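To start, the structure under review is shown below, and the notes come after it.
The values are calculated or read from the model by the stated rules, or taken from the named source; none is laboratory data. None of the values given here were measured: they were computed from a predicted structure. Quick reminder, even Gly has a Cβ in these numbers, built from the backbone with ideal geometry, and neighbours come from all protein chains shown. Heavy atoms of the whole protein, side chains included, go into the accessibility calculation; ligands, DNA and RNA do not. Shrake-Rupley method; radii C 1.70, N 1.55, O 1.52, S 1.80 Å.
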Amino acid sequence: MDIEKAIELVEANLTKGRFEHTLRVKDTAIQLAEQYGAPIDLVTIAALFHDYAKDMDKNELRRLIISYALPDDLLEYHHELWHGPVAAKIVEDQLQITNEDVLNAIYYHTTGRANMSLVETIIFVADYIEPKRSFPGVEDVRKEAKQDLHNAARRALKNTIHHLLDKDATIHPNTFFAYNHLTKTIGVKEV
Ligand code: DGI
Ligand code: FE
Ligand code: FE
């Protein structure tokens, strides 16, 4: 898809604040793609559409999860986790985006998953570190992203898991699978 057209669609579907976040994620993701040698065109499209379903109402998201036959255990987790999988299905179904790497990057951008591709990892990290994010620990992840993308992704997951535990929230298995996979492949020594 043409980038201009993609930007137009995204702007029409999102609130101003969310659209601006999306543009910052796109710029951050392009910088990471240049640094780590990922395809700029795929990363750009994935970033532009990653939050495409974010401003949908909860009931609409629920209806789409059912009609697209997404895994129904999704509905047992916080509705914050619904917009990625739904956006992946909408762009495939309505916008004829077929690239699997792009669709996976959109689908898994909130939780991550085991064995993420370079494009998936870039979108995951860019969404976490875009310049207006102010999570505790985000500055360490920003620094790490300049040195080692996978370490940055692991650190972002670790922070998210800590944050969710502090809130007594449920944690989606893919968040743990992503963390475990990176921890094993990076070779962090268990104590
Ligand atoms: O859509 P964004 O706000 O740009 O960012 P996002 O899609 O990464 O969503 C972030 C939110 O998702 C944040 O509040 C933490 C939450 N989150 C991430 N992983 C999990 C999770 N929430 C639950 N309950 N479980 C998870 O595994
Ligand atoms: Fe999101
Ligand atoms: Fe986002």
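Within the shell defined by Cβ-Cβ distances under 15 Å, the residues around Arg113 carry a net charge of -3, with Lys and Arg each +1 and Asp and Glu each -1.
What residue among Leu23, Leu103, Leu165 has the largest mean-square fluctuation in a Gaussian network model of the chain, using Cα springs under 10 Å? Result: Leu165 has the largest fluctuation of those listed. For the chain, lysine pairs separated by 8 or more sequence positions, or belonging to different chains, with Cα-Cα distances below 22 Å total 29.
Please compute the net charge surrounding His83, taking Lys and Arg as +1 and Asp and Glu as -1 over other residues with Cβ under 14 Å from its Cβ.
Working: positive: Arg18, Lys54, Lys58, Arg62, Arg63, Lys89; negative: Asp51, Asp55, Asp57, Glu60, Glu80, Asp127.
Here the count lands on 0.
Given Cα pairs under 8 Å that are at least 6 residues apart, what percent is the relative contact order of the chain?
Working: 242 pairs, mean separation 38.3, N = 191.
Relative contact order, the chain: 20 percent.
Per residue of the chain, what 222 nm ellipticity follows from adding -39500 (n - 2.57) for every DSSP H run with n ≥ 4, rounded to the nearest 500?
-21000 deg cm²/dmol
Overall, the accessible surface of segment 3-186 at a probe of 1.4 angstrom is composed of carbon and sulfur to the extent of 49 percent.
Once you list every other residue whose beta carbon is under 13 Å from the beta carbon of Leu95, what net charge do they have if Lys and Arg are +1 and Asp and Glu are -1? Could you put the intermediate results ahead of the total?
Working: positive: Lys5, Lys89; negative: Asp2, Glu8, Glu92, Asp93.
So the environment of Leu95 carries a net charge of -2.
For the options Asp101, Asp57, Asp127, a Gaussian network treatment of the chain with springs between C-alpha atoms closer than 10 Å singles out Asp57 as fluctuating the most.
For the pair Glu8 and Glu100 in one chain, pulling the backbone fully straight at 0.36 nm per residue adds 30.9 nm over the alpha carbon distance. The residues of the chain have, on average, 52 Å² of accessible surface per residue, using a 1.4 Å probe with all protein chains present.
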